[in-house]
Amino acid sequence: MMPASGRKYKVADQAVAATAGMHDLLMRARAAYSGLAIGDALGATVEFMTPREIRHQYGVHRDIIGGGWLRLGKGEITDDTEMSLALGRSVLQQGGVDAAAVAEAFSDWMRGRPRDVGNTVRRGIMHYRNTGKAESLPNDMDAGNGSCMRTLPVALYTLGADTGTVVRASRIQAHVTHNASIADAGTEKVIELVQLAVMGASKDTLAASMDDLVARCPVFRYRDRIINNPSGYIVDTLQVVFDAFLRTACFESCLVEVVNRGGDADTTAAIAGMMAGAFYGLDQIPERWLGSVNGTVMNACLQQAESLVHMSPACREHG
Ligand code: MN
Ligand code: MN
């Protein structure tokens with residue numbers, strides 16, 4: 001086990017960034033965004049089921065077939081991917097992460113009557129509509145995973161930026177609906193993991209980065225335990241994602257492991273999908289999954305991935 005020191009992986013990270021070519025960054029960014037949509041579509045079928053119910057109904061759930069409590073068509077995605085795309089569009093249009101623009105984008109999305117809107121998300125958007133304030137009130141009792149599940153556009157847009165810039169951008173988008181320090185810590189860690197993976201970091205480096213979060217916030221401890229039925233609490237969510245990522249050796253087994261734990265499965269799989277996608281790369285994602293997600297959604301994901309990385313400091317450095 002790697003020591004939970006924040007220093008070590010930062011050094012490795014810069015060495016890796018210097019050697020990763022632009023083409024590789026773009027391919028891994030595309031894999032991260034497809035991984036998010038695939039995880040969402042795969043997990044939605046078993047969202048809120050227990051592992052036992054999943055076993056009974058599907059044996060091992062491993063195909064994108066729709067259904068679930070939202071009665072999705074095959075290849076349809078949910079709020080996790082939709083809110084990511086709404087955030088990404090806003091960042092691309094504004095040329096940055098602007099609180100009012102993000103709040104407006106989320107409000108527009110909700111006006112379209114999405115099938116699924118999380119409670120904290122709804123409250124944050126209503127707060128914006130009623131007060132014009134694009135920052136929800138601090139509430140450490142409500143550290144849901146809703147800001148983390150949609151964080152990928154910020155991770156790609158701030159690729160290669162300094163930590164302060166990344167944290168500011170993350171909190172602007174997160175606080176529109178989720179203003180809780182533990183949710184911030186988790187979301188910022190996921191951004192770091194995705195960025196490390198996009199830059200080609202090793203699994204040991206990612207594990208050290210995960211352990212660094214546990215060292216700072218012990219509540220996230222994920223080693224030596226199997227969490228089933230993860231709730232929408234950011235801690236449950238990341239415990240499952242980290243454990244499954246380190247326990248498995250390919251994109252497919254990582255996502256299968258995550259969704260068969262049940263609970264908030266579309267969201268755990270969306271987050272695992274962005275990390276594992278970035279880490280394993282596009283050609284390790286099963287063809288049957290890539291081909292199953294709604295084509296319009298998949299194209300939007302791939303296009304955003306590319307455009308966001310093109311706007312990032314990492315890309316500007318590469319010229
Ligand atoms: Mn969802
Ligand atoms: Mn969910």
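Taking the alpha-carbon centroid of each part, what is the distance from segment 261-319 to segment 210-247 in angstrom?
A separation of 21 Å, based on Cα centres.
Show which aspartates and glutamates lie in cross-link reach of residue 203 when reach means a straight Cα distance below 13 angstrom and same-chain residues fewer than eight apart are skipped.
Once the sequence-local aspartates and glutamates are set aside, what remains near residue 203 is 13, 211, 243.
For segment 89-113, list residues with backbone N below 12 Å from a point placed 7 Å from the Cα of residue 296 toward its Cβ?
No residue passes the distance filter.
Taking 2.2 N^0.38 Å as the expected size of a compact globular protein, what ratio does the Cα radius of gyration of segment 269-309 give against it, to two decimals?
The reported ratio for this selection is 1.15.
Cα gyration tensor of segment 70-132, axes a ≥ b ≥ c as square roots of the eigenvalues: rounded (a/c below 1.5), prolate (a/b > b/c) or oblate?
oblate
Please enumerate, by chain and number, the aspartates and glutamates with C-alpha under 20 Å from the C-alpha of residue 133, excluding those fewer than 8 residues away in the same chain.
Straight-distance partners of residue 133: 98, 104, 108, 142, 184.
Which aspartates and glutamates, if any, have their Cα less than 13 Å from the Cα of residue 74, not counting same-chain residues under 8 positions apart?
40, 63
Quick one: Karplus J couplings for segment 22-32, per residue in order, coefficients 6.51, -1.76, 1.60, θ = phi - 60°, nearest Hz, x for Gly and Pro?
Along segment 22-32, the couplings run 4, 4, 5, 4, 5, 5, 6, 5, 4, 5, 5 Hz.
About the Cα centre of the chain, what is the dipole size in debye to 20, counting +1 per Lys and Arg Cβ and -1 per Asp and Glu Cβ, all else neutral?
So the magnitude is around 240 debye.
Normalised by the number of residues in segment 43-155, what is the relative contact order in percent for Cα pairs under 8 Å and 6+ residues apart?
That works out to 24 percent.
Mind listing the phi-derived Karplus ³J(HN,Hα) values for segment 254-263, rounded to whole Hz, using 6.51, -1.76 and 1.60 with θ = phi - 60°, and x for any glycine or proline?
4, 6, 5, 4, 5, 5, 6, 7, x, x
Need one word for the chain: rounded, prolate or oblate. Basis is the Cα gyration tensor (sqrt eigenvalues a ≥ b ≥ c); a/c below 1.5 gives rounded, then a/b vs b/c decides.
Since a/c stays below 1.5, the shape of the chain is classed as rounded.
Could you tell me which trypsin sites (Lys or Arg not before Pro) in segment 214-265 are loop residues by DSSP with no more than 15 other beta carbons within 10 angstrom of their beta carbon?
Taking segment 214-265 and a limit of 15 other Cβ atoms within 10 Å, the loop trypsin sites (Lys or Arg not before Pro) found are 221, 223, 225.
Can you list residues whose amide H is under 5 Å from residue 144's amide H, if they're 5+ apart or on another chain and H is modeled 1.01 Å from N?
Amide H neighbours of residue 144, under 5 Å, 5+ apart: 234.
Please report the accessible area of residue 310 (heavy atoms, 1.4 Å probe, ligands and nucleic acids excluded) in Å², nearest 10.
Using a 1.4 Å probe on the heavy atoms, I get roughly 100 Å².
Provide the FRET efficiency to the nearest 0.05 for the residue 137-residue 100 pair, computing r from the beta carbons and using R0 = 22 Å.
0.85
Please list, ordered by chain and number, the residues whose modelled amide H lies under 5 Å from the amide H of residue 72; skip anything fewer than 5 residues away on the same chain.
Answer set, sorted by chain and number: 67.
Sequence gap at least 6, Cα distance under 8 Å: using those rules, report the relative contact order of the chain to the nearest whole percent.
34
Taking 0.36 nm per residue of separation and subtracting the Cα-Cα distance, what length does fully extending residue 247 through residue 283 add?
10.9 nm
Over the heavy atoms of residue 317, what accessible area does a 1.4 Å probe trace out, to the nearest 10 Å²?
Using a 1.4 Å probe on the heavy atoms, I get roughly 140 Å².
The values are calculated or read from the model by the stated rules, or taken from the named source; none is laboratory data. Because the structure is predicted, anything quoted here is derived from the model rather than measured. Cβ coordinates were reconstructed from backbone atoms using ideal geometry, including for glycine residues, and neighbour counts include every protein chain displayed. The protein model used for the area step is the full one, side chains on, heavy atoms only, and it has no ligands, DNA or RNA in it. Shrake-Rupley method; radii C 1.70, N 1.55, O 1.52, S 1.80 Å.
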